[in-house]
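Single-structure report; data block below.
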Amino acid sequence: MNAKSGGRLAALDGVRGLAALIVLAHHSLYTNPLFPGTPGAGNVQVGTPMWWISYTPLKLATAGWESVIIFFVLSGLVVTLPVVRRAGFDWIAYFPRRVVRLMVPVVASVILAAVFVMAIPQISTQAKGTWLSDSSTPNFGWEYIVKAWDLLGGDGQINNPLWSLRWELIFSLALPVFVIAALAMRKWWLGGLAGAVVLTWLGVRTDAGALSYLPAFFVGAVLAVRLDAVRNFADRMNTRKVRHLFWFVMAFGGAMLMIAPWLFGPDIADMKELTFALKGLAPLGAAAIVVAAIGWAPLRALFESKPLQFAGTISFSLYLVHVPIIIFSTYLFAGAVWYVPLLFAIPVALLVAVGFTWLVEKRSHGWSRAIGSWASERYRASFGRSEQPEEASTSVERPSRASVDAG
């Protein structure tokens, strides 16, 4: 069912799936100490394969941090959408449902990560400060499991993609604030987007996490309250001869905007203020990609293709399980050329993600519905009538971890 039908926005599942695969590629290359995790980092020689991968439009294939921003925009859109589309949204059911849907997979992924950490000693031979060295856990103890479960104030050392789940949980708990703000900016949406850009810039400029990431959720929420306008605009644009050129420019331009700091080459390291300013534009780039995926038929068909839809189905699970597997594989094949462990890690991560989706994630959906219904019924019995909300038809509870700062 396409976006115009008013049903499931299937193309966005494909967007999420592709973003998850990019995160996988990002962390896989991170096992090579030459891979620059942030624009200008490392010592990459111009013209080498690593330079081409990192400082040209090919960066799109390993744009990890940028994919996280896409995840956040998608979550802002699809979690807000049921609230603004249905009168009498049941907040009593929403909060426990959302927490269960996020936390059950998180708890299970931490246990799985602990298994991989304990399976083989993680004593890095790479220099301190490299991603592999910083992400390894040479002195594992059960305390690491408990700290990883604490999304709001803990430490995800044994499964570092959990950093983004913190912001996903905060957004979920603060959803009423985001909805009110998005509705207030319905007519002044350009101002709202401009404000999100300024806040994101301020966040990356000062290393303030909340300002760096929460504005991306707000951009998604604005898209949700403006979705009908987006569809109407797409309908009008699709009657024009220049439609394909317009949509291509929007999609490609949005993608280039997201990786803009990388396009300046390694010398961007000496232009920190420019880097901060360009990173502030990332939520706009993500929004452009999302709108193009909804409005442009060829791009929508690509994201609705079976491979990307399948990737979307396992994307949350893949995001949660892949890093411990990559690190485990690197130590399992210690001494081999850096890419040899990846020939094992990537297929295993995909297979484990499929099993995790079936065994954990799908069951967490059922449990979340059950706990939501129970909470709503208890509230109704005690305080009066409460309606059960519809399931978010485009749920994208798939935040991800692929930071250019910590990886």
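The values are calculated or read from the model by the stated rules, or taken from the named source; none is laboratory data. The shown structure was predicted, so the numbers you read here are calculated from the model rather than taken from an experiment. FYI the Cβ positions are ideal-geometry reconstructions off the backbone, even for glycines, and counts take in every protein chain you see. The protein model used for the area step is the full one, side chains on, heavy atoms only, and it has no ligands, DNA or RNA in it. Shrake-Rupley method; radii C 1.70, N 1.55, O 1.52, S 1.80 Å.
Say we look at the range 316-351 and pick out the residues that are open to solvent by less than 10 Å² (accessible area, probe 1.4 Å) and small (Gly, Ala, Ser); which of these is farthest from PRO138 (Cα to Cα)?
This residue is SER317.
Show the residue pairs that are 6+ apart or on different chains and have beta-carbon atoms under 6 Å apart, the first residue being within the range 46-74 and surrounded by fewer than 24 Cβ atoms within 10 Å (Cβ to Cβ), the second being β-branched (Val, Ile, Thr) and at pLDDT below 95.
MET50/VAL44; TRP51/VAL44
Across the range 20-35, which residue is least open to solvent (accessible area, probe 1.4 Å) among those that are out of contact with any Phe, Trp or Tyr (no Cβ under 6 Å at 6 or more places or on another chain) and among the small types (Gly, Ala, Ser)?
So, considering only residues that are out of contact with any Phe, Trp or Tyr (no Cβ under 6 Å at 6 or more places or on another chain) and among the small types (Gly, Ala, Ser), the one least open to solvent (accessible area, probe 1.4 Å) is SER28.
Only one of these conditions is not met by VAL360: (1) more than 30 Å from ASN32 (Cα to Cα); (2) among the aliphatic types (A, V, I, L, M); (3) open to solvent by 60 Å² or more (accessible area, probe 1.4 Å); (4) within 21 Å of the chain's Cα centre (by Cα). Which number is it?
Single failed check for VAL360: (3).
Could you tell me which of the residues GLU143, GLU168 is surrounded by 17 or more Cβ atoms within 10 Å (Cβ to Cβ) and acidic (Asp, Glu)?
GLU168
Working only within the range 110-125, note down all residues that are among the polar types (S, T, N, Q) and open to solvent by 40 Å² or more (accessible area, probe 1.4 Å).
Within the range 110-125, THR125 is the sole residue that qualifies.
Among residues belonging to the range 126-140 that are small (Gly, Ala, Ser) and part of a loop (DSSP other than H, G, I, E, B), point out the one that is least open to solvent (accessible area, probe 1.4 Å).
SER136
So that you can scan it fast, the table gives a plain yes or no per residue for (1) modelled with pLDDT of 95 or more; (2) of a type in the set (D, E, K, R):
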residue	(1), (2)
MET185	no, no
LEU190	no, no
ALA196	yes, no
ARG205	yes, yes
GLY209	no, no
TYR213	yes, no
ALA224	yes, no
TRP247	yes, no
GLY253	yes, no
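Yes or no, residue by residue, for (1) farther than 30 Å from TYR213 by Cβ; (2) of a type in the set (Val, Ile, Thr); (3) modelled with pLDDT of 50 or more:
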{"site": "ALA345", "(1), (2), (3)": "no, no, yes"}
{"site": "SER364", "(1), (2), (3)": "no, no, yes"}
{"site": "GLY372", "(1), (2), (3)": "no, no, yes"}
{"site": "GLU377", "(1), (2), (3)": "yes, no, yes"}
{"site": "SER393", "(1), (2), (3)": "no, no, no"}
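Just one of the numbered conditions (1) among the hydrophobic types (A, V, I, L, M, F, W, C); (2) out of contact with any Pro (no Cβ under 6 Å at 6 or more places or on another chain); (3) in a helix (DSSP H, G or I) is not true of PHE71; which one?
(2)
Do you know which residues across the range 171-210 are without any contact (Cβ under 8 Å) to a residue 24 or more places away in the chain and either in contact with a Cys (Cβ under 7 Å, 6 or more places away or on another chain) or of a type in the set (Val, Ile, Thr) (or both)?
Matches in the range 171-210: VAL177, ILE180, THR206.
Exactly one condition in (1) β-branched (Val, Ile, Thr); (2) farther than 17 Å from SER75 by Cβ; (3) open to solvent by less than 50 Å² (accessible area, probe 1.4 Å); (4) in contact with a Pro (Cβ under 7 Å, 6 or more places away or on another chain) is not met by THR200; state its number.
In the conditions (1) β-branched (Val, Ile, Thr); (2) farther than 17 Å from SER75 by Cβ; (3) open to solvent by less than 50 Å² (accessible area, probe 1.4 Å); (4) in contact with a Pro (Cβ under 7 Å, 6 or more places away or on another chain), THR200 misses (2) alone.
Would you say ASN232 is over 25 Å from the mean Cα position of the chain (by Cα), among the polar types (S, T, N, Q) and open to solvent by less than 60 Å² (accessible area, probe 1.4 Å)?
The answer is no for ASN232.
Among the candidates LEU77, LEU81, single out the residue that is open to solvent by less than 10 Å² (accessible area, probe 1.4 Å), part of a helix (DSSP H, G or I) and under 30 Å from VAL177 (Cβ atoms).
LEU77
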